[in-house]
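The values are calculated or read from the model by the stated rules, or taken from the named source; none is laboratory data. Quantities reported herein were computed from a predicted structural model and do not represent experimental measurements. Methodologically, a virtual Cβ is constructed for each residue, glycine included, from the backbone with ideal geometry; neighbour enumeration extends over all protein chains shown. For accessibility, only protein heavy atoms count, side chains too; no ligands or nucleic acids. Shrake-Rupley method; radii C 1.70, N 1.55, O 1.52, S 1.80 Å.
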Amino acid sequence: MSGHSILQAAEAVVCRPWLRHILPPHDWSALARASVADGWTLLAHWADTHAAHALYFDPVALAAVPVSVPVEHGLYPALSPIYPGAAWYERMVHDLWGHEAASGADPRPWLDHGQWPLVAPLSVRPQTATEGDPPQPADVASDSLMLLQLGPVWGERQEVAALRLTLDGPFIRQAESRLGYSHKGALALMRGKSPRAAARFAARLSGDATVAHSLAFALATEAAADVQVPPRATALRVTMAEIERIAGHLDNLAEIAGLAGAESIRIRCGGLREVLARAAATAFGHRLMMDGVVPGGVAVDLTNDGAEVILRALGDISMQMSWLRQAQDGAALFVHLAGIGRAGTALAATLGVGGVAGRACGLGLDVRTVFVPGYAALSPRVAVRPDGDAAARQQLRIFEIEESIRLIGGALQSLPDGPISLPLPQVSGEGIACAESIRGDVWHWLQLDHGQIAAIFPRDPGWCLWPLAERVLENATVDDAALIRLSFGLPSSGPDL
Amino acid sequence: MRRPRWLQGPRLKAEPAEPADAEARALMAARMEAAAQARLGRSLALLHVNTGSCNGCELELRALSNVFYDLERFGLRFVDNPRQADVLLVTGPLTRNLTVALEQAWDATPDPKWVVAVGDCAVDGGVFKGSYAVVGGTGLCVPVDLTISGCPPSPGRILTGLRTLLEAHAGQGAPRSG
Ligand code: SF4
């Protein structure tokens, strides 16, 4: 039975712009199996107080497919036997809501490291925590192997995560990451607030993807309330999102170059990122444009000389691009990156990997081309590479910087006049929306109850990038681990919630 | 704004004359001072300790190494081992899951040492204050010598804070001891 025929038999609620089907447990599992056969991907899995939810993507229909299963006696059927990547989500669902994935692949805690005062803080009646044993990573199989524990605090001005590598000589045999250290309880803080108040937490899920998360959150809210923001707001959102992409890619290029000893690239990319951050501060009042995108529109209009300042900064970046492209493909750096951290297309597809990491191994989805308002008229160009390695990812980052410069030029050239936001009606409803962050597609699902957030889940690309990086690290040498980590731009705060 | 030489040249658009940039002038003056300080052998080793940041503060800490700020000229450098550190630069709202990590970093840093809370989260928990998962502010776990507010604070602001420390270090030289 195909996925769609299972859905047809089920009851559904409106989850704009799609329908969310509520499946009995048997069909929930059947759909997971059918989705594999139909070539869908599992984008996210989460819960609320009484149901478990999954979000699939159907690449043929170009549609997101949200489905739910009621939780009965604290249990719901696990997805991890079919989608191994779902195990982290199941562990998160258990830690936050207390629902157990029956026959799940891994019952260990994920976000809950035994330090919170509460157990299952998002459940209807969270219990007080009692002293427990800290969770243990999987055992190492053989004595001849060596363990290398990296993190959780890396001391490198990076995010927090632990990576446990099992070494056989210089080769990594097993890589196990452990996240959750930066869990801040964002979902509990957002619940019961107005979308405008909750937006501050969406903006702080992931600092270098603050615009993307704010945008996906705002679009999901507007979908739930069934409103459309003024055209000027849409154009300014595109401008902010693309500035963030250029800045993030420059930061990544600088970091990788620094690690690979390509000092001249590090210096130029770091300097260009600074030029752009200052332009953003002048144009929008904040270097990262944090809290710039809000439900209903944007919080700030461009300052009088804002467009001019942005275009000038982009001019500075443009001028360096041919140098950067040559330097990037030059002998020193390319040799360092070619063949490193090679991700397979099939694995990336199964995990639902998008963004630069997905496009570097031939997966062409860029949600800007399909779902995000404001882009269609600018016809964004998307590049893919077949190689899947760190060199391909850097080439794509450079391509995307140039393309984003073009998109901002287009958005600012035809910037409509008019208001920059509208008030949101105090309504109830449900919506899903996405944005393309520097690491790939960000998805936000939420429910409004009389104008307040009743339930929410933001899916950061980190949920699929870490499992991909683990598999890529296995077979790599330990010397390349840091480079591979940076090349995927592995985030912690976003998936840590 | 002072522009590196490789940034000068033809522009996308004809550019009006730039206003004199107070921040750039202050940075320049600071650089000269820093050179003098470095000659006197005053330098500080910084250890970044992430206690659950959103990564926004890290972006700006990384920016301290770009050509506009170039913090090494001030005798400031980042290290990755608490045993070599003089200053702990703490970011994030101190999540419960990282409290032990902060304590360990502090314990492992030899005296005399300073603790700088970087960003609104590290100052007092920021927007995450009151969450079940957050202790809220570096000072609730280890003694804090300097706070730098902002979400995130700009690199210029972080640098100003660190220069205050350098001056204290060079002056009476009485950092907090364990
Ligand atoms: S202060 Fe702001 S930028 Fe820094 S970690 Fe907190 S939320 Fe992020």
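Observations
- Spin-label model, A:Arg125/A:Ser428: points 7 Å from Cα along the beta carbon direction are separated by 2.4 nm.
- Report summary: the helix-based calculation at 222 nm, which adds -39500 (n - 2.57) for every DSSP H run with n ≥ 4 and divides by the residues of the protein assembly as shown, gives -12000 deg cm²/dmol.
- Karplus-derived 3J(HN,Hα) values for segment B:54-67, using 6.51 cos²θ - 1.76 cosθ + 1.60 with θ = phi - 60°, are 7, 5, x, 5, 5, 4, 6, 5, 5, 4, 4, 8, 7, 4 Hz; glycine and proline are entered as x.
- The packing ranking of peptides A:85-92, A:241-248, A:53-60, highest mean first, is A:241-248, A:85-92, A:53-60, where packing means the average number of other beta carbon atoms within 10 angstrom of each residue.
- Considering only A:Gly185, A:Leu165, A:Thr282, and ranking their Cα positions along the charge dipole of chain A that arises from unit charges at the beta-carbon of Lys, Arg, Asp and Glu, the one farthest toward the positive end is A:Thr282.
- Prolate/oblate/rounded call for segment A:3-128, Cα gyration tensor, a/c under 1.5 rounded: prolate
- Peptide A:308-316 has a mean shielding of 4, counted as Cβ atoms of other protein chains within 10 Å of each residue's Cβ.
- Peptides A:68-78, A:391-401 ranked from most to least packed, by the mean per-residue count of other Cβ atoms within 10 Å: A:391-401, A:68-78.
- Rounded if a/c under 1.5, otherwise prolate or oblate - chain A, Cα gyration tensor axes: oblate
- Contact residues in segment B:71-95 (at least 20 Å² less accessible area with all protein chains than alone, 1.4 Å probe): B:Phe78, B:Asp80, B:Thr95.
- Computed over segment A:165-273, the P(r) tail beyond 20 angstrom holds 61 percent of alpha carbon pairs.
- Basic side chains Lys and Arg get +1 at the Cβ, acidic Asp and Glu get -1 at the Cβ, and with that the dipole of segment A:3-128 about its Cα centre reaches some 140 debye.
- Cβ-Cβ FRET estimate between A:Ala61 and A:Leu259, R0 fixed at 51 Å, reported to 0.05: 0.80
- For segment B:42-164: rounded, prolate or oblate by the Cα gyration tensor [a/c cutoff 1.5]: oblate
- The mean count of C-beta atoms from other chains within 10 Å of the C-beta of residues in A:28-41, rounded to a whole number, is 0.
- Note on the protein assembly as shown: with neighbouring protein chains present and a 1.4 Å probe, carbon and sulfur make up 54 percent of its accessible heavy-atom surface.
- Shielding by partners, peptide A:275-285 (average Cβ within 10 angstrom, other chains): 2
- Taking the charge dipole of segment A:3-128 about its Cα centre, with +1 at Lys and Arg Cβ atoms and -1 at Asp and Glu Cβ atoms, the residue from A:Ile22, A:Leu79, A:Gln115 reaching farthest to the positive side is A:Gln115.
- Estimated buried accessible area (total), pair A and B, 1.4 Å, Å² to nearest 100: 4800
- Only Lys, Arg (+1) and Asp, Glu (-1) charged, at Cβ; the protein assembly as shown dipole about Cα centre in debye: 1400
- Segment A:461-495 residues near the modelled B:Asp80 label - backbone nitrogen below 14 Å, point 7 Å along Cα→Cβ: A:478-487
- Applying 1/(1 + (r/R0)^6) with R0 = 45 Å to the Cβ-Cβ distance of A:Ala454 and B:Glu72 gives a FRET efficiency near 0.35.
- Residues of the protein assembly as shown: accessible area per residue with a 1.4 Å probe, Å²: 37
- Amide H contacts under 5 Å for B:Val49: B:Leu89, B:Val90, B:Thr91, restricted to partners 5 or more places along the chain or on a different chain, H placed in the peptide plane at 1.01 Å from N.
- Proportion of all alpha-carbon pairs of segment A:364-481 beyond 19 Å (%): 65
- Förster-model FRET efficiency, 41 Å R0, B:Thr164 and A:Ser379, C-beta, rounded to 0.05: 0.20
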